[in-house]
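The values are calculated or read from the model by the stated rules, or taken from the named source; none is laboratory data. Note that the structure is predicted; figures quoted are calculated from it, not measured. Neighbour counts are summed over all protein chains in view; Cβ atoms, including those assigned to glycine, are modelled from backbone coordinates with ideal geometry.
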Ligand code: SME
């Protein structure tokens with residue numbers, strides 16, 4: 001288990017594990033699910049880990065593989081909530097305290113913070129990695145660097 005503020009020295013292992021998953025012979029969704037499971041079980045404050053897949057024609061995000069409580073937010077219009085904002089700004093968003101974010105879609109009262117990282121292929125948004133935490137202010141610079149790195153690897157799945 002990776003403890004918060006432990007220096008997250010195991011993050012290189014996660015990079016290697018995701019690389020192995022990406023290169024495995026599973027389907028894309030099996031790989032995305034395996035990555036969700038890996039992150040969810042490896043980092044104690046990653047309580048919900050999932051992917052939203054971009055549909056540019058409909059300008060909406062569709063829920064893909066995820067681990068954690070089920071959510072009614074299967075489709076999210078671009079611009080709505082944190083995920084929808086990322087679809088428009090095309091940049092990672094870190095919300096360390098969801099009570100302070102006005103454009104936020106709640107997926108449960110336990111969720112206190114969220115990080116959403118875009119996945120690009122040839123400069124186009126393909127998907128988003130969405131992580132919810134029950135902790136307030138849990139995400140460090142190392143989380144941001146790790147997740148951006150993982151999303152660069154994941155882009156090859158699209
Ligand atoms: N909180 C997200 C919605 C997705 S759930 O976290 C699974 C948002 O504001 O976009």
Among the residues of the stretch 130-144, the number that are more than 16 Å from the ligand (Cβ to nearest atom) and assigned to a loop (DSSP other than H, G, I, E, B) is 2
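Could you please give the count of residues in the stretch 112-129 that are within 15 Å of the ligand (Cβ to nearest atom) and more than 21 Å from residue 77 (Cα to Cα)?
In the first step, residues of the stretch 112-129 are kept if they are within 15 Å of the ligand (Cβ to nearest atom); the result is 112-118, 125, 127-129.
Now restrict to residues that are more than 21 Å from residue 77 (Cα to Cα): 112.
So the count comes out to 1.
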Can you give me the number of residues within the stretch 67-82 that are under 13 Å from the mean Cα position of the chain (by Cα) and within 7 Å of the ligand (Cβ to nearest atom)?
-> 1
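Each row is one residue, and each column tells you yes or no for (1) more than 13 Å from the chain's Cα centre (by Cα); (2) in contact (Cβ under 8 Å) with a residue 12 or more places away in the chain.
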{"residue": "100", "(1), (2)": "yes, no"}
{"residue": "111", "(1), (2)": "yes, yes"}
{"residue": "118", "(1), (2)": "no, yes"}
{"residue": "127", "(1), (2)": "no, yes"}
{"residue": "131", "(1), (2)": "no, yes"}
{"residue": "135", "(1), (2)": "yes, yes"}
{"residue": "146", "(1), (2)": "no, yes"}
Criterion violated by residue 85 - all others in (1) surrounded by 16 or more Cβ atoms within 10 Å (Cβ to Cβ); (2) within 30 Å of residue 20 (Cβ to Cβ); (3) near the ligand (Cβ under 10 Å from one of its atoms) satisfied = (2)
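Quick one: which of 49, 111, 119 is crowded, with 16+ Cβ neighbours inside 10 Å, in contact with a helix residue (DSSP H, G or I) (Cβ under 8 Å, 6 or more places away or on another chain), part of a loop (DSSP other than H, G, I, E, B) and at pLDDT 95 or above?
Of the residues listed, the single one that is crowded, with 16+ Cβ neighbours inside 10 Å, in contact with a helix residue (DSSP H, G or I) (Cβ under 8 Å, 6 or more places away or on another chain), part of a loop (DSSP other than H, G, I, E, B) and at pLDDT 95 or above is 111.
Is it the case that residue 76 is surrounded by 13 or more Cβ atoms within 10 Å (Cβ to Cβ) and in contact with a helix residue (DSSP H, G or I) (Cβ under 6 Å, 6 or more places away or on another chain)?
On the way: surrounded by 13 or more Cβ atoms within 10 Å (Cβ to Cβ): yes; in contact with a helix residue (DSSP H, G or I) (Cβ under 6 Å, 6 or more places away or on another chain): yes.
Considered against the rule, which asks whether it is surrounded by 13 or more Cβ atoms within 10 Å (Cβ to Cβ) and in contact with a helix residue (DSSP H, G or I) (Cβ under 6 Å, 6 or more places away or on another chain), residue 76 comes out as yes.
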